[in-house]
Amino acid sequence: MEKLIITVAVCGAEVTKKDNPNLPITPEEITQDVYNCYLQGASMVHLHVRDQDGNPTQNVEIFRRTIELIKSRCNIIIQISTGGAVGMTPEERAAPLVLRPEMASLTCGTVNFGTGVFWNPPDLIENFALRMKEMGIKPEIEVFEAGMINNALQLVKKGLVQPPLHFDFVMGVPGGITGNIRDLVYLVESIPPGSTWSVAGIGRFELPLAVAALIMGGHVRVGFEDNIFYSRGVLAQSNAQLVERVVRIARELGREVATPDEARKILNLHA
Ligand code: KMH
Ligand code: ZN
């Protein structure tokens, strides 16, 4: 089986220090967390940043500083978020693409997101995909609902995204697809041959879906963006603790963990 790519989503846009005091917020805290996760075996970071009050922001300078700090510590693949937070404008969300990270997230459809709506109409998706293509940034196709796979295939038809595609199935968001294994199998069977995929299970779905991906040959995303608990009612001490658990289970299953450069080869990134 292919080596395992572990992505860590260290802070996201929604979780607060009140939810888990171990949440990294500043560029320095985020960098330290990313580095600790890298040491445990993470080869990619899905990156959001926060402003000085801890609110989600797509501010280019905060992204720039955070990316510089991370790059000064390790060679982990940096995948910035273009999802940002519910309610941000498309221009706000796309702003950090000017930093030309290796990868960026690209959600391929609109979905209810808790009490809000994560708004991704066709013109927004196509515009983001075109910018990524022009800047040589590989998209991670974020799938919150099965129909988003078909939307991604339309982008391929229009020449806006180049196969092989890399998908991330975000499962268990209230408003999106469930976190059941049955639904994961359906999503995996619905993507084109030659694609790579990872799964980000939300909350209690994180661990079972990670284990399923390990067995099915997929890749895994963990981190406070998706889940702040280690076990039922017990807060995780750090993102690294969540990464370490996946590495441990992978080893038990005989699945080797990819370094960032090995992950670059698997994902067809020009390193
Ligand atoms: N914060 C969510 C509304 C992404 O990063 O691309 C969207 C999100 C997806 O986190
Ligand atoms: Zn995100």
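Which condition number does Asn59 fail, the rest of (1) surrounded by fewer than 20 Cβ atoms within 10 Å (Cβ to Cβ); (2) more than 16 Å from ligand 1 (Cβ to nearest atom) being met?
(2)
Listed residues Pro163, Pro192, Pro139; which is surrounded by 22 or more Cβ atoms within 10 Å (Cβ to Cβ) and of a type outside the set (Val, Ile, Thr)?
Details: Pro163 fails: surrounded by 22 or more Cβ atoms within 10 Å (Cβ to Cβ); Pro192 fails: surrounded by 22 or more Cβ atoms within 10 Å (Cβ to Cβ).
Unique residue meeting the criteria: Pro139.
In segment 107-141, what residues are at negative phi and touching a His at 6+ places or on another chain (Cβ under 9 Å)?
Lys138, Pro139, Glu140, Ile141
Please determine, by comparing only the residues of segment 90-105 that are within 14 Å of ligand 1 (Cβ to nearest atom) and of a type in the set (D, E, K, R), which one is surrounded by the most Cβ atoms within 10 Å (Cβ to Cβ).
Only one residue tops the list, namely Arg93.
Going by what's in this entry, would Gly172 be described as on the phi > 0 side of the Ramachandran plot, open to solvent by 50 Å² or more (accessible area, probe 1.4 Å) and not basic (Lys, Arg)?
In short, no.
What's the number of the only condition in (1) within 11 Å of ligand 1 (Cβ to nearest atom); (2) closer than 27 Å to Leu4 by Cβ; (3) free of Cβ contacts under 8 Å to residues at least 40 places away in the same chain that His48 fails to meet?
(3)
Sort through Ile141, Ile177 and tell me the only one that's within 13 Å of ligand 1 (Cβ to nearest atom), among the aliphatic types (A, V, I, L, M) and not in a helix (DSSP H, G or I).
Checking each option against the conditions leaves just Ile141.
Tally time: how many residues in segment 198-216 are open to solvent by 20 Å² or more (accessible area, probe 1.4 Å) and not in a helix (DSSP H, G or I)?
1
In this structure, does Thr16 turn out to be free of Cβ contacts under 8 Å to residues at least 40 places away in the same chain, over 24 Å from Ala258 (Cβ atoms), away from ligand 1 (no atom under 16 Å from the Cβ) and of a type in the set (S, T, N, Q)? Give the steps one after another, and end with the answer.
On the way: free of Cβ contacts under 8 Å to residues at least 40 places away in the same chain: yes; over 24 Å from Ala258 (Cβ atoms): yes; away from ligand 1 (no atom under 16 Å from the Cβ): no; of a type in the set (S, T, N, Q): yes.
Considered against the rule, which asks whether it is free of Cβ contacts under 8 Å to residues at least 40 places away in the same chain, over 24 Å from Ala258 (Cβ atoms), away from ligand 1 (no atom under 16 Å from the Cβ) and of a type in the set (S, T, N, Q), Thr16 comes out as no.
How many residues, within segment 217-231, are within 16 Å of ligand 2 (Cβ to nearest atom) and either in a loop (DSSP other than H, G, I, E, B) or out of contact with any helix residue (DSSP H, G or I) (no Cβ under 7 Å at 6 or more places or on another chain) (or both)?
Total meeting the criteria: 7.
Which residues, counting only those in segment 62-83, are within 16 Å of ligand 1 (Cβ to nearest atom) and in contact with a Ser or Thr (Cβ under 8 Å, 6 or more places away or on another chain)?
Thr66, Ile77, Gln79, Ile80, Ser81, Thr82, Gly83
Where the second residue is open to solvent by less than 30 Å² (accessible area, probe 1.4 Å) and part of a helix (DSSP H, G or I) and the first is of a type in the set (A, V, I, L, M) and lies in segment 79-95, which pairs have Cβ atoms under 7 Å and are six or more apart or on separate chains?
That search, which allows pairs on different chains as well, returns Ile80/Phe63; Ile80/Pro96; Ala94/Phe128.
Can you pull out the residues in segment 60-106 that are at positive phi and within 15 Å of ligand 2 (Cβ to nearest atom)? Explain how you work it out, then say what you get.
Initially, segment 60-106 is screened for residues at positive phi, giving 84, 87, 100.
Correct list: Gly84, Gly87.
For Ser238, indicate whether it is of a type in the set (Gly, Ala, Ser) and farther than 14 Å from Ala42 by Cα.
Considered against the rule, which asks whether it is of a type in the set (Gly, Ala, Ser) and farther than 14 Å from Ala42 by Cα, Ser238 comes out as no.
Looking at (1) among the polar types (S, T, N, Q); (2) in a loop (DSSP other than H, G, I, E, B); (3) within 13 Å of ligand 1 (Cβ to nearest atom), can you tell me which one Asn22 breaks?
Failed condition: (3).
The values are calculated or read from the model by the stated rules, or taken from the named source; none is laboratory data. All values derive from a computational prediction rather than experimental measurement. Every residue, glycine among them, receives a Cβ derived from its backbone with ideal geometry; neighbour counts consider all protein chains shown. What goes into the accessible areas is simple: the full protein's heavy atoms, side chains included, and nothing from ligands, DNA or RNA. Shrake-Rupley method; radii C 1.70, N 1.55, O 1.52, S 1.80 Å.
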